[in-house]
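Asks: A single structure is presented below for examination.
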Amino acid sequence: MTFNEEQVLHTLKHYLPSQGPLKDFVHHNSLHAFQDMQFYDAIFKASKIFGYKVTFSLDEYRNLYRIGRIHATILERVIRERKGVEHFEEWYHKVMHAPYGGTLDARIRFLRYGWREHYPLDLNNAVHPLLFRILCSYLDQGIAITPFPFENTGLLNALRTLEKNSLVHFFKTERARTLLHDPHLSLETLLTILVGKKEFFEEYVYDQQFAHRGWSGIVSTLEDRPETLLYPKKIALKDLVLLECLMEIDALDAALGTAWKPLGETTDRAPMDIFADIEAKEIYEVIKIWHDAFEWSYYDEALCAVLTIAAQAPEKNEAAKTFQAIFCIDEREGSIRRHIESAGNCETLGAPGFFGVEFYFHPAHAKFYDKLCPAPVTPTFLIQEIPSSKKHTPAREIFYSKESHTLLRGTVASYILGIPSLIKLVFNLFSPAMSSAIADAFGHMHDGYELTIVYEGKRDETRNLQIGFTVIQMADRVEKLLRGIGLVTDFSRLVYLIGHGSSSANNPHHGAHDCGACSGRPGSVNARVFASMANHPSVREELTQRGLEIPVSTQFVGGLHDTASDEIEFYDEKKLSTELHKLHAQNKKRFEHALDLNAKERSRRFMSINTKQSLKKIRRAIKQRSVSYFEPRPELGHGTNALCIVGNRALTRNLFLDRRAFMNSYDYRTDSDGTFLGSVIAPLPIVCGGINLEYYFSRMDNSKLGAGTKLPHNVMGLIGVANSSDGDLRAGLPLQMVEVHDPIRLLMIIEHDPQVVLHVISASPALYKWFSKEWIHLAVLHPTEKKLYLFKKGEFVRYEPSTTLVSVLKEDFLKVIESAAKMKSNDILDATRENMPVQILSH
Amino acid sequence: MLLPLFVLLPLLAFALLCFLPKHFERSISGIALTSVLFVLLMFAWTLVFWIRGGFVPLSYTGFTLFSSADYVFAVNFYMDAASIVFFGITCLLTILVLLFSKYYMHRDPGFRRFHLTILFFFAGLALVICSGNFEMLFVGWECIGISSFLLISFYRDRYLPTKNSLKVFALYRIADALFIVALWYAHHLFEKNVQFTEFTSLINEHGNSLVILGALFLVVAMIKSAQFPFSYWLPRAMEGPTTSSAIFYGALSVHIGLFLLLRTSPFWEGSTALRALIAILGLLSALIATSITRVQSSAKTQIAYASITQIGIMFIELAAGLHSLVLFHFVSNAFLRTYQLLISPSIVSYLVHYQFYTFVPPAQKIQNGFLGKIRATLFILGLKEWNMDSAMTRLIWQPLKSAGQWLQFLDRMPAALTGVALVVLPAYGAYGANVPHGMVDGVTWVSAILSILLFVRAYANTGTALTCWTQIFFGQIFASVFLSARAGADVHTILFYLTGILAAYLSGVLCLKLLDRTSRLNLMDYHGYMYEHPILGNVFFITCLAMMVFPITPSFIGEEILLRSIPVDHGALVAIFALGYVLSGICVMRLFAKVFFGPHEKTYHEIAYRSS
């Protein structure tokens, strides 16, 4: 057996977490490395290799059944479908009563355990704390006062120079020192010393790196994408492995002298094939049945509701609308859309929150650019903010200053900042307010500053970007979005585009609450840019020629909704005509009222807010949450997301979906052959599926795949969080973000002819795989037949919901919200009860 | 008159909380807050009283818990300027942090446990700050140690919190042992249990002999205030929720060493050498801590070392006799570091945003030449925290562990040990103080050595929990024998000592048996049984406290009396006792943590990686 260093490191990188530095939070499937396999095969294999908990335990499922969260009819149906009617009794018994052992034993970690068995030395304890500290210092973005010396030469070279220059040695023993300075240092040499036998090398490297998957993951990610740091670092996973091996040799030599042998020689077991197929076990079958039943207990309800609505919905509401508002597809916008519409006579639509315009954004006076589009897209455009005032630097917060930590200035600081600290703390507790230390969604862009939206022949040469868009480029984007969401006729006087962002304090994961379609940033610039494009006279002309006529009287207005503080800010209001300005002022009142109701609806999940209070008080409390240092849940993010509905608003307008559905507007009537459908759904699996799966795995195994509770988190080098001074980086989502989440896969529902949908998804292999490998479920509602079809093994088959009746909410909706149950604990059995069933609203 | 309530009210709230269901967050937080708020009000009243009384220290003479010929345990309280300042800040910060935690800790499964621990900590701190004599102060001192252990291991199903809580506890235990030695010495020096009210008059009578006492308290203070070479524990203690790290390690717990120095200032103020030593150690700590601060790249550890730097400077101020400045510096530093810790998670949004507009890559300061060499050296030393942790392991813990492994044969002779104990004890009981003089030495030394050997073995024992528990028990038995033999104590006192230990032993055996009927529970790995058996775990924890002679059983008084009776010329015996005291505490906590804390190997629910 040979050891192919490059090959091993390459595959290793594939399996490590790929979460980048915290400043941009991009949701992705935590088990992305297994995405080529069928969902269940993939998760069970990942579990077997790495010890992840990928489903609930059997007891948890059985308890979910007992409390009624898994419906009996669905469970029985799943058993019949999976095991056949003839085996029903047998499997029913297994599912309900048979005992099975635990499943969470991992393949990796066993080889290196040998060190502890054979020698009086805990190698991880001897190496990890210092190794992590070196990595953190090296990658640090600005916490330390003294930067890592010689860091521009690469990690190992920096250490070499440092060791040469220092009066004390970095390594304790001679051999490690000599090896470090060896110009031909190779991984193979080091592994030969440590492991001896070649056939164990690969397993050893996996054991070693997965003992701290967080740090290895960030190193691997930064090797591939150094641009995700403001202060880029030269680092490679290979350097990390080399350094760790050197430190291990050093630790072994220091503790044991020559009295140790390579690990391979102390074991008589055969090397393990980590990635060998896993043996089929009955418990996997049982878990599959349970999990399907858990998912379908919700899906079935939702599909039945959609079908019921489809059967009764009028074809189209023809009355002229006061205004139209395009929101992000984000499931958190579902409730505010409902509240805006509830006052009647207006329409809301959904489109991915970058509104089809992809660019880098250069804020006034800033030294860097922000990418504002979905993560996989690489824009070639730049939008600059042109300041109208003199240079300003952001406000400094003295309590974060490095000077307060040094010897002399620190002493002065500790004399004079004590009392101000006390005053600040008291104010933070009793009257929280926005400050420069709090992530402010509205601070992303300055409304008073102009943007370079129209191309004027200028380019950004260093990064080869075109500054602004040409008329054709603008028209392309406006046309694509409007046709995609089916807004091609019946324009109202005002059309709003509302992006979203989120403000929060003391929240290193604040990026995860911003817009996923804008690479974890607020969508304000995109909304404003799109509105400006659509208002541009030449663009309108071009669009008219293409058969998309927007009335001259119609104006587009951009805005931003802060999903944590429940506030909306509008942009370029001054550019509206006096008449439209008046109309806009009236609409703003409606938005305000909708925000009130939205705050009330959200407050049902917040213990600290009494949902029965007056709207004004609730709004204030909601606003305060977003700026409170003591509040670990400024909002609940994407928790509970479960559906992605692509179709007319008519399908969902009268449904209470409890903020669980991504909603992309799409009108099959304006796109009967599915020309636009492909580009409409193309970004959805990556954005919505990524969010959904990250929530799924962070909820299922918050300890290994999630970041654990955020209460003890310590910020490491501004790039991640760890639990203590010596801990591994924690990738994934913290408990406070996922505790309300019911971990089920995304169910995508498209309103169209199944044949058209099949044709569209078959055209894109990347898209097709999401559905065929079952990482996302796909259902299609045939709009004219009023029938549901489910994508199964490459074809659409008819689906009849088991649920026959959807409950209709007869009472006042707000009363129902007030009396809704609150979870007692964040155990799944309690938490899941807070989620309300899908209901039809009767207006 | 109100002084005892400072301790009793939080304890009352503690008791109330024990009976509340876990998810009654409002009530739990409400009761905890109310009790501390009441204490603050009473403190305000006391403050007025103190000011109107012309800043004369206040005292309260309570009852005498225990008294014998030459030992008195009196429940007395005392408040001078230092107490007033420290206690005021304690109340204020505890209230603010409790308010903060009410929201911050929401829905944490340990919400009630957190509040219980904070209340226990508050009561302990009140004891330390307001006690009228060293005996009471020491009780408070131990309470702080225990609550520290509990807060560091708050997330007890993970490996690092568990490991670090043991690490910190071990250091604290050393400080406690030195404290006991100091008490023993003081007892002989003053020939009675000193009350702080009579401090000044006593001090004048004894001149130079106070230096030893001062030096002992200095080391205790250095450990508790994380001064060099003990600084490494502070960042490692920040394993609990941010709020508890802020109040404990940003503000109150870490400054308590400073308070001890203030309280014991009459012992060292007269000695120029000691004052110089305090200043030098302070300066050294400040310099070394600041060199470590400079290379810290994580938010909380940076604040921890910055705080240590400031405490080093406070030591200098103290040595210079600037008491008021020290108090002001303490207050200001406590507020600042608490606040910085509380808002530390926000540094990501603040600094990234700030850098977005202002970033310039830092210039390389290290060049060739001598200055470059110094800088490179300081960088490596800072990164390795001046090898403090590893030196401590290499010099103390590793040799102990090796010795313990070598003593493995002791595992195989429980019967022999029982035999020896069964012969020695009744014999001793029969003869009591009339043991022939020649035999005293023999009995004393044999028991002393046996006791230490047993503790050392228990420390390294990776065999079954029950064997380890028994070894600790016999270690305690032999410790009691050697103390009583040398002290010439009567049967009465020995029984006093033994009742608590024996009860603890039996209860512990029962707990371990209930947990694992096969008695094969080993101490090689952590078992995390708290997950399955929280109640049993709590009972066993109290049992463990009793076994390590924590002041909840009569054993504590018994031990105190016996120790005080050791003549002043038997320093070596007291040193052995102190070693035994350190080891027994560590062994007990290690055993407890291995069985009930840490990640387990079970495979039916998720656990975090060892490194996280």
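The values are calculated or read from the model by the stated rules, or taken from the named source; none is laboratory data. It should be emphasised that the depicted structure is a prediction, and the values quoted were computed from it without experimental measurement. As a convention, Cβ positions derive from the backbone with ideal geometry for all residues, glycine included, and neighbour counts pool all protein chains shown.
Asks: Here are some residues: A:Asp566, A:Asp562. Which one is in contact with a Ser or Thr (Cβ under 8 Å, 6 or more places away or on another chain) and surrounded by 18 or more Cβ atoms within 10 Å (Cβ to Cβ)?
Replies: Exactly one of A:Asp566, A:Asp562 is in contact with a Ser or Thr (Cβ under 8 Å, 6 or more places away or on another chain) and surrounded by 18 or more Cβ atoms within 10 Å (Cβ to Cβ), namely A:Asp562.
Asks: Also, I was wondering about something else. State whether the residues of segment A:471-493 include one that is more than 30 Å from A:Arg337 (Cβ to Cβ), out of contact with any Pro (no Cβ under 6 Å at 6 or more places or on another chain), surrounded by 15 or more Cβ atoms within 10 Å (Cβ to Cβ) and touching a residue at least 24 places away in the same chain (Cβ under 8 Å).
Replies: Yes, segment A:471-493 contains a residue that is more than 30 Å from A:Arg337 (Cβ to Cβ), out of contact with any Pro (no Cβ under 6 Å at 6 or more places or on another chain), surrounded by 15 or more Cβ atoms within 10 Å (Cβ to Cβ) and touching a residue at least 24 places away in the same chain (Cβ under 8 Å).
Asks: Give me the helices (runs of 4 or more DSSP H) completely within segment A:5-121, filtered to those with at least 1 residues that are at pLDDT 90 or above and within 11 Å of chain B (Cβ to nearest Cβ), ordered by residue number.
Replies: Numbers: elements: A:5-15, A:39-50, A:58-66, A:72-83, A:88-96, A:110-118.
Once the helices (runs of 4 or more DSSP H) in segment A:5-121 are filtered for at least 1 residues that are at pLDDT 90 or above and within 11 Å of chain B (Cβ to nearest Cβ), what remains is A:39-50, A:58-66.
Asks: With respect to B:Leu252, is the statement that it is modelled with pLDDT of 95 or more, more than 7 Å from chain A (Cβ to nearest Cβ) and not in a loop (DSSP other than H, G, I, E, B) true? Steps first, answer last, please.
Replies: Working: modelled with pLDDT of 95 or more: no; more than 7 Å from chain A (Cβ to nearest Cβ): yes; not in a loop (DSSP other than H, G, I, E, B): yes.
No, not satisfied.
Asks: Give me the residue from segment A:600-614 that is touching a residue at least 12 places away in the same chain (Cβ under 8 Å) and exposed (fewer than 15 other Cβ atoms within 10 Å of the Cβ) and, out of that set, farthest from the other protein chains (Cβ to nearest Cβ).
Replies: Checking each candidate, the answer is A:Lys612.
Asks: Exactly one condition in (1) of a type in the set (A, V, I, L, M, F, W, C); (2) part of a strand (DSSP E or B); (3) within 14 Å of chain B (Cβ to nearest Cβ) is false for A:Phe697; which is it?
Replies: All conditions are met except number (2).
Asks: Related question: Could you grab me the full set of residues in segment A:386-405 that are away from chain B (no Cβ under 12 Å) and of a type in the set (D, E, K, R)?
Replies: A:Lys390
Asks: Look at A:Leu167 and say whether it is surrounded by fewer than 23 Cβ atoms within 10 Å (Cβ to Cβ) and at the interface with chain B (Cβ under 9 Å from one of its Cβ atoms).
Replies: yes
Asks: Can you go through B:Ala44, B:Ala82, B:Ala74 and tell me which one is touching a Leu at 6+ places or on another chain (Cβ under 8 Å), among the aliphatic types (A, V, I, L, M) and surrounded by fewer than 18 Cβ atoms within 10 Å (Cβ to Cβ)?
Replies: After ruling out the rest, the residue left standing is B:Ala74.
Asks: Of the conditions (1) within 19 Å of B:Arg156 (Cβ to Cβ); (2) surrounded by fewer than 20 Cβ atoms within 10 Å (Cβ to Cβ), B:Leu523 satisfies every one except a single condition; which number is it?
Replies: All conditions pass for B:Leu523, except number (2).
Asks: Still on this structure, please answer the following. Yes or no: A:Leu597 over 30 Å from B:Phe24 (Cα atoms) and touching a residue at least 40 places away in the same chain (Cβ under 8 Å)?
Replies: no
Asks: What are the pairs, 6+ residues apart or on separate chains, where a residue within segment B:550-573 that is under 17 Å from B:Met136 (Cβ atoms) and assigned by TED's automatic domain parsing to the domain that holds B:His492 has its Cβ under 9 Å from a residue that is part of a loop (DSSP other than H, G, I, E, B) and among the polar types (S, T, N, Q)?
Replies: B:Ile561/B:Ser68; B:Arg564/B:Asn193
Asks: A follow-up question, please. Within segment A:405-415, can you find the residues that are among the aliphatic types (A, V, I, L, M) and either surrounded by 13 or more Cβ atoms within 10 Å (Cβ to Cβ) or not in a helix (DSSP H, G or I) (or both)?
Replies: Across segment A:405-415, the qualifying residues are A:Leu407, A:Ala413.
Asks: Checking the conditions here, which among A:Ser772, A:Ser807 is among the hydroxyl-bearing types (Ser, Thr, Tyr), surrounded by 17 or more Cβ atoms within 10 Å (Cβ to Cβ) and out of contact with any helix residue (DSSP H, G or I) (no Cβ under 8 Å at 6 or more places or on another chain)?
Replies: A:Ser772
Asks: All but one of (1) crowded, with 22+ Cβ neighbours inside 10 Å; (2) farther than 30 Å from A:Trp215 by Cβ hold for B:Lys594; state the number of the condition that does not hold.
Replies: Answer for B:Lys594: the failing condition is (2).
Asks: Right, here's the next one. Scan segment A:424-439 for residues that are facing chain B (nearest Cβ under 7 Å), buried (at least 18 other Cβ atoms within 10 Å of the Cβ) and either out of contact with any Leu (no Cβ under 8 Å at 6 or more places or on another chain) or among the polar types (S, T, N, Q) (or both) and jot them down.
Replies: A:Lys424, A:Ala437, A:Ile438, A:Ala439
Asks: Then there is this: For segment A:92-121, which residues satisfy the criterion of being more than 37 Å from the chain's Cα centre (by Cα), surrounded by 16 or more Cβ atoms within 10 Å (Cβ to Cβ) and not hydroxyl-bearing (Ser, Thr, Tyr)?
Replies: Passing the criteria: A:Gly114, A:Trp115, A:Leu121.
Asks: Please report, ordered by residue number, the helices (runs of 4 or more DSSP H) entirely within segment B:526-612 with at least 3 residues that are in contact with a helix residue (DSSP H, G or I) (Cβ under 8 Å, 6 or more places away or on another chain), over 30 Å from A:Leu729 (Cβ atoms) and modelled with pLDDT of 95 or more.
Replies: The helices (runs of 4 or more DSSP H) meeting that bar are B:534-547, B:571-596.
Asks: Among the strands (runs of 3 or more DSSP E) contained in segment A:337-394, which hold 2 or more residues that are out of contact with any Phe, Trp or Tyr (no Cβ under 9 Å at 6 or more places or on another chain) and crowded, with 19+ Cβ neighbours inside 10 Å? Step through it out loud before you land on a result.
Replies: Working: elements: A:346-351, A:359-362, A:370-372, A:381-386.
Where strands (runs of 3 or more DSSP E) fall fully within segment A:337-394, none carries at least 2 residues being out of contact with any Phe, Trp or Tyr (no Cβ under 9 Å at 6 or more places or on another chain) and crowded, with 19+ Cβ neighbours inside 10 Å.
Asks: Is it the case that segment B:309-325 has a residue that's closer than 17 Å to B:Leu93 by Cα and facing chain A (nearest Cβ under 7 Å)?
Replies: no
So that you can scan it fast, the table gives a plain yes or no per residue for (1) surrounded by fewer than 16 Cβ atoms within 10 Å (Cβ to Cβ); (2) more than 8 Å from chain B (Cβ to nearest Cβ):
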| position | (1), (2) |
| --- | --- |
| A:Gly142 | no, no |
| A:Ile145 | no, no |
| A:Phe150 | no, no |
| A:Leu155 | no, yes |
| A:Asp182 | yes, yes |
| A:Ser186 | yes, yes |
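Asks: Would you say A:Gly727 is on the phi > 0 side of the Ramachandran plot and in contact (Cβ under 8 Å) with a residue 24 or more places away in the chain?
Replies: It is false that A:Gly727 is on the phi > 0 side of the Ramachandran plot and in contact (Cβ under 8 Å) with a residue 24 or more places away in the chain.
Asks: Run down B:Leu378, B:Leu400 and say which single residue is buried (at least 20 other Cβ atoms within 10 Å of the Cβ), at pLDDT 90 or above, part of a helix (DSSP H, G or I) and more than 7 Å from chain A (Cβ to nearest Cβ).
Replies: Going through B:Leu378, B:Leu400 in turn, just one is buried (at least 20 other Cβ atoms within 10 Å of the Cβ), at pLDDT 90 or above, part of a helix (DSSP H, G or I) and more than 7 Å from chain A (Cβ to nearest Cβ): B:Leu378.
Asks: Scanning segment B:377-396 for residues that are in contact (Cβ under 8 Å) with a residue 12 or more places away in the chain and charged (D, E, K, R), which turns out farthest from B:Ala170 (Cα to Cα)?
Replies: Checked segment B:377-396; the qualifying residue farthest from B:Ala170 (Cα to Cα) is B:Glu385.
Asks: Among the residues that make up segment A:766-775, is at least one of them hydroxyl-bearing (Ser, Thr, Tyr) and either touching a Phe, Trp or Tyr at 6+ places or on another chain (Cβ under 6 Å) or closer than 20 Å to A:Ile686 by Cα (or both)?
Replies: Within segment A:766-775, one or more residues are hydroxyl-bearing (Ser, Thr, Tyr) and either touching a Phe, Trp or Tyr at 6+ places or on another chain (Cβ under 6 Å) or closer than 20 Å to A:Ile686 by Cα (or both).
Asks: Being touching a Cys at 6+ places or on another chain (Cβ under 8 Å) and small (Gly, Ala, Ser) is the filter here, so list the residues in segment B:489-545 that pass it.
Replies: B:Ala504, B:Gly508
Asks: Tally up the residues in segment A:502-545 that are out of contact with any Asp or Glu (no Cβ under 6 Å at 6 or more places or on another chain) and either part of a loop (DSSP other than H, G, I, E, B) or not assigned by TED's automatic domain parsing to the domain that holds A:Asn723 (or both), please.
Replies: 8
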